[in-house]
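Here's the structure we're looking at; comments come further down.
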Amino acid sequence: MLTLPIIAALLSICKANAAGENEKNKNNLLSEEKSDNNQASLLLNRLTLGGYGEAVYTRNFYSDNMFRYSHAADYKNSKGHGRVDLPHVVIMMGYDFGKGWSMGSEIEFEHGGTESAVEIEAEETGEFEKEIERGGEVSFEQFWLQKSFGKRFNIRAGHIIVPVGGLNSAHLPNEFFTVYRSEGEATIFPSTWHETGLSLWGRTKYWRYEVMVLPALNSNMFNHSGWVHDGSASAYEFKVANNIAGAARVDNYSIKGLRLGISGYIGNSFQNDIVSDENSTKYKNVKGTVAIGTFDFSYYDHNTIIRGNIDYGHLSDASMISSYNASLSNSTQSPYPHTLVGKEAVAMGIEAGYDIFSQIQALREHQKKLYLFGRYEYYDSYKPAAGVTDYQWTDRHRMALGINYFPIKEIIVKAEYSKRFLKSRYNDEPSFSIGIAYAGYFFK
């Protein structure tokens, strides 16, 4: 008879132990789930993900024939041409590792990226045929690691935006009014200019500075239509760095809404390529020093945005470099342009826009904006050395009028009518463009 109470007591103890174990397991699971959530939250707090992109339609009311400048009269009544484009689509990602260490990166797809394919031709004895299906570009615009010692001093190493000119410092589609980036700086400087190097930068209440050491430009890639624009490009799997250059920038924010900036670059560009003639006596003393100085500003206040820039560049030994470039290999696979290059280039521009929705309370309260803007710019990518052929079609004035509509902060609809004014012997170049763009962070 005593056996039954003993068995009952044992069962009760087992049941209590099982209940306690279940409760413990439940608490452990909840704790693990909470820990996982905390780790995920920490990851998201440290991760930055964003980007920007543009899609554009343009109708150019002028010829794009290669002879439109050398035989301008033959193309005076051209019907023009239309085009669609994805100028830039960029994915930005950064991560804060803690203790002052962080990483930043941008991968850029220009003009829709690039595509190629290999096919077997059934009608040509089964030969393999390679086709280029899209002629854009894909590149890492930025990839750097940074150690911060506070706002005033940071060290950044890797692939970095070169802080020269207004456009390189502010190239997102919500940082300029025109459908495409401003033509002057985008013509004479690399855009966006990014190089692998070392940068020191910092910020105080009213000042920001940056100093950068980077590979110099390559004079073999210079030309008359873009001055040093292509000088940062490399046809190889690496960037030649026989010569080292320096760049610097200072911005001031003392006046509310106004930023004033100056920047510069200096570096020797000659023989900064794997194709060089080290034993030549003719070019022994040629350095090809590129010196660039810029001033730019931006004003954001009273529902008004005004931005402007003045840029000047000088190339030493321009006539000797033009002669050397003409002697480079001219095979169909050669990456070199083989054209003259100017000793100087200039670009200047100003744009202003006013938000007319700021005067309509209902639209203002919903943070919708509609800027009416105008832009004027002048640029010349080729001011030749004495005694060298002058291409006067590189001397251009451009005017644009248009709108920027922001239904929300990150989305922009753009439209403009623009016209390039060339010297009287050439045809002017009017066009109409419309585009959509976004710029922002998905989480930050």
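Laboratory data are not the source of any read-out in this text; all were calculated from the coordinates shown. Remember, it's a predicted structure, so these values are computed and weren't measured experimentally. Cβ placement follows ideal geometry from the backbone for every residue including glycine, while neighbour counts extend to all protein chains displayed.
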key: Pair Leu363, Thr304: separation of 7 Å Cα→Cβ label points (nm)   = 1.9
request  = Please work out the FRET efficiency for the pair Ala415 and Asn279, using the Cβ-Cβ distance as r and a Förster radius of 56 Å; give the result to the nearest 0.05.
outcome  = 0.50
ask   = So how compact is segment 236-293: Cα radius of gyration and Dmax in angstrom?
value = 17.5, 57
inquiry  = Show log10 I(q)/I(0) for segment 308-389 at q = 0.16, 0.19, 0.23, 0.25 Å⁻¹, two decimals, from a solvent-free Debye sum over equal Cα scatterers.
reply    = -0.74, -0.89, -1.02, -1.07
note = Long-range share for segment 163-305, i.e. C-alpha pairs more than 20 Å apart as a percent of all pairs, stands at 53
remark   = Check: C-alpha center segment 255-314 vs C-alpha center segment 54-111, spacing in Å is 21
